[in-house]
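Asker: Got a structure here, written out as structure tokens. Questions coming.
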Amino acid sequence: PAPIPEPEAPVQVAEAAPASEGILVSAAHADEASAGLRFGLGREALPEEIAAWNVDVSPDGTGLPDGSGDAIDGEPLFEENCAVCHGSFAEGVDNWPKLAGGDGTLADEDPLKTVGSYWPYLSTVFDYVHRSMPFGNAQSLSADETYAIVAYILYSNDMIDDDFVLSRDSWTEVEMGNADGFIIDDRAETEYAQWRTEPCMENCKETVEITMRATVLDVTPDEEGAEEAPAEMDHSPAVATAAPVEEAAAEPAAEAPVAAAAAPAALDAELVAAGEKVFKKCKACHQVGDGAKNKTGPQLNAIVGRAIGGVDGFKYSSAMAEHGGVWDEAALAAFLAKPKDYIKGTKMAFAGLRKDDDITAVIEYLKSTAP
Amino acid sequence: GPDPLITEVQEWASGLGDGVDATPYGLPIKFEDDVVRRNVPWLTADPISSINFTPIHALDGTITPQGCAFERHHSGAIELSKADYRLMINGLVDKPLVFTYEDLERFPRENHVYFCECAANTGMEWAGAQLNGAQFTHGMIHNMEYSGVPLRTLLAEAGLDAAGDFKDKWVYVEGADASSNGRSIPMEKAMDDVFVAFKANGEALRKEHGYPVRLVVPGWEGNMWVKWLRRIEVMDGPVESREETSKYTDTLADGTSRKWTWVMDAKSVVTSPSPQSPIKHGHGPLVITGLAWSGHGKITRVDVSKDGGKTWETARLAAEGEDKALTRFYLDTTWNGEEMLLQSRAIDETGYVQPTKAQLREVRGLNSVYHNNCIQTWHVKTNGEAENVEVS
């Protein structure tokens, strides 16, 4: 092996300085170096590029696209795109956000903050739905669809009639219930002056009693991170309203039987097509087909005949992981009708398919996608 | 008798260890595998849009390694390569611009250490002592050395003559992920110390912290530190996005809510001893340590109480407080098995003294959710175990 070379003697380098427009600048702060200077970096943004990204909508309606929609159009769109998490009536599923209700609760012990009870600006609803929803399939809604879904959310909050056509023109007719419910940060006046005092060091209080203990509630995850959700959450969590989601690294269920090798029965093409439509409800969480990956839910390739809780690398609820058995058509049908009844403790948030026809169809579709 | 670890030749003292090619990018040794981020599964509906917590109870010093710095995503941590990265500046600028990652690296660069704290840190404790560990009560915080470009440099490159008077102007910043997590920042702050970072603690940002580029908004709530930063728009008003209206607003007892509560007030916590870091040694010397920080500037002093706030003594700062960065404090003391109600109290350069939970509740009620910077109490028992408690 070659000997490790001695490091070269350090070379005296002139004070490093960014050169700009021929001027040498020496400064401790980059800002001083760049003050008033342009570096000629970047390129001009093209109008099409700005149009593609500059989609934010301001409270006065600036940025709203052309289009319109009402709650009648919005209902099926909401059912298809939003109801899996937010419920058919925007009432929320598990602890996914509730979008309707809560009027007059903001001063209560547990305020319910929804579009109707809390959101001060209509623009925010359009902006967020159009840009960031549905969860897992953002930016897929057209302007008309977004207007219709927003109208359905407003209708669910009794804020507009079902035939009220929401558009840029009717925008200002909608009154938000909590529009006047906000004040700008007043901590400087209400808190800082009070607390910028010389702190007490001795004899600051007569007695000290323990008034509450965290271990009584017992909602802290153990070191492995697995913990049952608290039965009742009196102390509402801060980050978001919450559904129990088990993080336990579940062992794959027993033996994963290989999908039945018997020749598959011929599929009903019409039923497969109908099932593909129904599957849109599932797509936010589940992938199927070539290259399907685990997302919020496990990938569903060859689900019919697959072991229950059997996909490697997916963190199932312990209920699902320990269930055992195989997803035959009967089990899938029962699960899809009422997931939480069939496997108590599943973390699948979906409430279930109400129509038997939809269940039959979606199972047929899932059979058709087996790679 | 003699310690066999000393008197007997150990395997590691006679055999060989790993070669230099064993771990091209190293991970902590297996004995430290409990020092990890943890989440609280019941907090959120889905781990894709959720938060986890820095193991502050097990760290020392002030710099948070990226691998255990808390994460908050609104639609998951995305993979965005440098080659696919674009940053747009548009709106009230002289010339709307698009930068590549390489462009950003050609501007004069700065390094700064800042803390990033989620506005919801300690938010679960408003109604009472709930989570039993400093990681869970105070772990929505990290502190890193960032390398990047001041935002004002980039804005100047696009030209701000079109913006006119900065006084009533805002910048709207958004990310490239599906949530976009857009936030509005007043121009005064944007031109002050906000910067666009692409390295943390010397290495590229981790995916979960916004690789390749994130915004750093010193002293202000973490939600504004937009990750995967893709667009900056100069505007004549705030967008009032979801994240600054329906979330990150603080509801008071009468039902009205504060908005634009950006600054993180002075705060501290004893990280050890604490519920996840009990006293395991016997009586005698004990190091009490913790972290203090303020979004208003430097920490100038931290006091510690062992009796639930009856008496206080001033702790030793490991180093002089730095602007909007974590400060480590130590109280080198003696413990002889007595029960303690351990508290710490931060004071910053503006004279702000960290309040008690009772003081905060008196002004805000119980439903503020965000910005709970109250004094924390750990009940250390005679056996050295500690518990999160609330005291009168």
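The values are calculated or read from the model by the stated rules, or taken from the named source; none is laboratory data. The structure presented is a predicted model; accordingly, all values stated were derived computationally and were not measured. Neighbour counts are summed over all protein chains in view; Cβ atoms, including those assigned to glycine, are modelled from backbone coordinates with ideal geometry.
Asker: Tally up the residues in region B:341-364 that are within 11 Å of chain A (Cβ to nearest Cβ), under 18 Å from A:K205 (Cα atoms) and in contact (Cβ under 8 Å) with a residue 40 or more places away in the chain, please.
Answerer: Going through region B:341-364 one residue at a time, the tally reaches 7.
Asker: Turning to a different aspect of this structure: Which ones in region A:324-340 are over 28 Å from the mean Cα position of the chain (by Cα) and farther than 18 Å from A:G275 by Cα?
Answerer: Matches in region A:324-340: A:G324, A:G325, A:V326.
Asker: OK, next. List pairs: first in region B:304-321 and within 8 Å of chain A (Cβ to nearest Cβ), second surrounded by fewer than 20 Cβ atoms within 10 Å (Cβ to Cβ) and outside any loop (DSSP other than H, G, I, E, B), Cβ under 6 Å, 6+ apart or cross-chain?
Answerer: Qualifying pairs under 6 Å: B:D307/B:L341; B:G308/B:L341.
Asker: Another question, if that's okay. Being under 16 Å from the mean Cα position of the chain (by Cα) and part of a loop (DSSP other than H, G, I, E, B) is true for just one of A:G92, A:G101. Which residue is that?
Answerer: The unique qualifying residue is A:G92.
Asker: If a residue has to be part of a loop (DSSP other than H, G, I, E, B) and either modelled with pLDDT under 95 or of a type in the set (D, E, K, R) (or both) to count, how many in region B:249-281 make the cut?
Answerer: Matching residues across region B:249-281 total 3.
Asker: Could you identify the single residue in A:G101, A:G67 that is more than 18 Å from A:E173 (Cα to Cα) and modelled with pLDDT of 95 or more?
Answerer: Matching residue, one of A:G101, A:G67: A:G101.
Asker: Here's a follow-up. Determine if region B:365-384 includes at least one residue that is more than 9 Å from every other protein chain (Cβ to nearest Cβ) and in a strand (DSSP E or B).
Answerer: Yes.
Table: residues versus (1) of a type in the set (A, V, I, L, M, F, W, C); (2) within 19 Å of the chain's Cα centre (by Cα).
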residue	(1), (2)
A:K277	no, no
A:H286	no, yes
A:Q299	no, yes
A:I303	yes, no
A:R306	no, no
A:D312	no, no
A:K315	no, yes
A:A319	yes, no
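Asker: Output the number of the condition that B:V239 fails; it satisfies all remaining conditions of (1) within 30 Å of B:V36 (Cα to Cα); (2) crowded, with 23+ Cβ neighbours inside 10 Å; (3) within 11 Å of chain A (Cβ to nearest Cβ).
Answerer: (1)
Asker: Between a first residue in region B:257-285 that is within 12 Å of chain A (Cβ to nearest Cβ) and within 20 Å of B:E390 (Cβ to Cβ) and a second residue that is surrounded by fewer than 18 Cβ atoms within 10 Å (Cβ to Cβ) and not basic (K, R), which pairs have beta carbons less than 6 Å apart while being 6 or more apart in sequence or on different chains?
Answerer: Every condition considered, no pair remains.
Asker: Kindly indicate whether B:M191 is touching a helix residue (DSSP H, G or I) at 6+ places or on another chain (Cβ under 8 Å), surrounded by fewer than 22 Cβ atoms within 10 Å (Cβ to Cβ), within 24 Å of B:E243 (Cβ to Cβ) and within 10 Å of chain A (Cβ to nearest Cβ).
Answerer: Yes; evaluated as a whole, the condition is true for this residue.
Conditions tested, residue by residue: (1) within 14 Å of another protein chain (Cβ to nearest Cβ); (2) surrounded by fewer than 16 Cβ atoms within 10 Å (Cβ to Cβ).
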position: A:K113; (1), (2): yes, no
position: A:G136; (1), (2): yes, no
position: A:S140; (1), (2): yes, yes
position: A:A148; (1), (2): no, no
position: A:A151; (1), (2): no, no
position: A:D161; (1), (2): no, yes
position: A:N178; (1), (2): yes, no
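Asker: Ok, one more. Taking the condition more than 8 Å from chain B (Cβ to nearest Cβ) and either outside any loop (DSSP other than H, G, I, E, B) or small (G, A, S) (or both), does A:A107 pass?
Answerer: No.
Asker: Working only within region B:221-236, note down all residues that are under 19 Å from the mean Cα position of the chain (by Cα) and either at the interface with another protein chain (Cβ under 9 Å from one of its Cβ atoms) or among the basic types (K, R) (or both).
Answerer: Within region B:221-236, B:K227 is the sole residue that qualifies.
Asker: Would you pick out the residues in region B:324-356 that are charged (D, E, K, R), surrounded by fewer than 17 Cβ atoms within 10 Å (Cβ to Cβ) and in a strand (DSSP E or B)?
Answerer: Residue satisfying the conditions is B:D332 alone.
Asker: Here is a further query. Has region A:70-88 got any residue that is within 11 Å of chain B (Cβ to nearest Cβ), modelled with pLDDT of 85 or more and assigned to a loop (DSSP other than H, G, I, E, B)?
Answerer: No: region A:70-88 contains no residue that is within 11 Å of chain B (Cβ to nearest Cβ), modelled with pLDDT of 85 or more and assigned to a loop (DSSP other than H, G, I, E, B).
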